[in-house]
Ligand SMILES: Nc1nc2c(c(=O)[nH]1)N[C@H]1C(S)=C(S)[C@@H](COP(=O)(O)O)O[C@H]1N2
Ligand SMILES: [Mo]
């Protein structure tokens, strides 16, 4: 299904953008006439259009910027490097390296050949029975190899839409991807060293350095409960899409624990710790990758002890074709497709709406190629008349939990925004 339809030329995109708007801005007192003038067309389902959010046609603000090895990613920060992928560049079923978002908390290691040749992975910690180190070669030869497509999504993906705003990288929708990874099961390595009965958490340390330059400080060191570490889909990998891991994505070794905030998937993996307590490394404690245990009002101050660690990510979907803002003739069906995922669970159904959520139609959805891979949906949509439309997508997981149409619970650091994705379509007579 990759790029079934060629990308429309940019001159066919919605051209009338009277003023630059961010996704966080709101249409103030959006009188209908004003709305139509703003998008340059009539809005056939205007009666259903919510009063708050601005039409997505006006919100498309991504300016492409290229970094080495990356194709069209938008750079949010260059120290450390953080870059996200515009939705229409995530159309591949298997995310290529050139289109996988980058999220670095520190400075990636500079790896001379020698460092790679001597790379070793230490496994120890209070609850490790037989601490030891493995060379890359030992990992490859001693354990069975597995290749799985696993989704990684930054816990802060969607942060830019929260209000009051949360500090941190202002991710829109592009801190997600689903490459195919090759390596060994974390479980097999853990069984090799042996877990004491009091083992609670499995954590990582990487070879990247703290932004301060202090060699005694790690930029990040997170982990997962033992039950997640022992899942068949928690891998220690050296390859992505059949190639050695790119440097930005953790070469020569990383963890991938699909379906959880990608911050648990440690890059430049040097050490695995089997802990007898909830891991307490940098970005495990305080407010990092935590949300209020009980819902709070937007802007509330929440004490550290009232924050709970994020585990499985929520159900979500992304429309990856067509690109938001396209023009489309009214007498032809529009092919729409994208991906949906649901943390530790499966996606049960995906529905699309062209009338601002007043009515929904279930569309074709494929099962995942393996557990914790994203799923693909596709539909041909007809439009009743010319005008401005938005296509909204809503996924529901195997527990019956659906994406919200508006922002989900505000939280101090802006995590877990799984609100419905929407694209603008200008339907022409
Ligand atoms: N060693 C190390 N591992 C890390 C990070 C990091 O900064 N250092 N960032 C984490 C975060 S917050 C995310 S979202 C993912 C991003 O993975 P990617 O850059 O390969 O897309 O890596 C995780 N693993
Ligand atoms: Mo992240």
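What is the order of 324, 312, fewest Cβ neighbours within 10 Å to most? Could the numbers behind the result be given before it?
Numbers: 324 22, 312 15.
So the ranking, lowest neighbour count to highest, is 312, 324.
Which FRET efficiency value, to the nearest 0.05, do you get for residue 48 and residue 79 by plugging their Cβ-Cβ distance into 1/(1 + (r/R0)^6) with R0 = 56 Å?
On the way: r = 44 Å, r/R0 = 0.79.
Efficiency for this residue pair is about 0.80.
When the inverse distances between all different Cα atoms of the stretch 316-428 are averaged and flipped, the Kirkwood radius reads 14.6 angstrom.
Given springs between every Cα pair under 10 Å in a Gaussian network model of the chain, which of 317, 234, 98 has the largest fluctuation? Most flexible of the set in this elastic network: 98. A P(r) calculated from all alpha carbon pairs of the stretch 164-271, with 10 Å bins opening at zero, reads 13, 41, 34, 11, 1 percent.
Taking the beta-carbon count within 10 Å as an exposure proxy, list 235, 139 from fewest neighbours to most.
Details: 235 27, 139 21.
If I rank by nearby Cβ atoms, fewest first, I get 139, 235.
Remark: 187, 283, 316 ranked as 283, 187, 316, counting other beta-carbon atoms within 10 Å and listing the fewest first. Result for the chain in a Gaussian network model with C-alpha springs under 10 Å: among 43, 302, 74, the largest mean-square fluctuation is at 302. Label the stretch 235-346 by shape, choosing from rounded, prolate and oblate, from the square roots a ≥ b ≥ c of the eigenvalues of the Cα gyration tensor; if a/c is under 1.5 it is rounded, and otherwise prolate applies when a/b is larger than b/c, oblate when it is not. Oblate is the answer for the stretch 235-346, as a/c is 1.5 or above yet b/c matches or exceeds a/b.
Each distinct pair of alpha carbons in the stretch 71-122 adds a 1/r term; the inverse of their mean, the Kirkwood radius, is 13.1 Å.
How long are the semi-axes of the ellipsoid equivalent to the chain, from square roots of 5 times the Cα gyration tensor eigenvalues, in whole Å, largest first?
40, 22, 20
For the chain, set up a Gaussian network in which alpha carbons nearer than 10 Å are linked by springs, and say which option among 286, 174, 155 fluctuates the most. Taking springs between Cα atoms under 10 Å, the residue moving most is 286.
Beyond 24 Å, what share of the Cα-Cα pairs of the stretch 89-285 is found? Please give it as a whole percent. Don't skip to the answer; put the middle values down first.
On the way: 7310 of 19306 pairs.
Of all Cα-Cα pairs in the stretch 89-285, 38 percent lie more than 24 Å apart.
FYI, it's all coordinate maths here, none of it is from the lab. Predicted, not measured: the structure shown is a model, and the values here were computed from it. Glycine also receives a Cβ, built like all others from the backbone with ideal geometry; neighbour counts cover every protein chain displayed.
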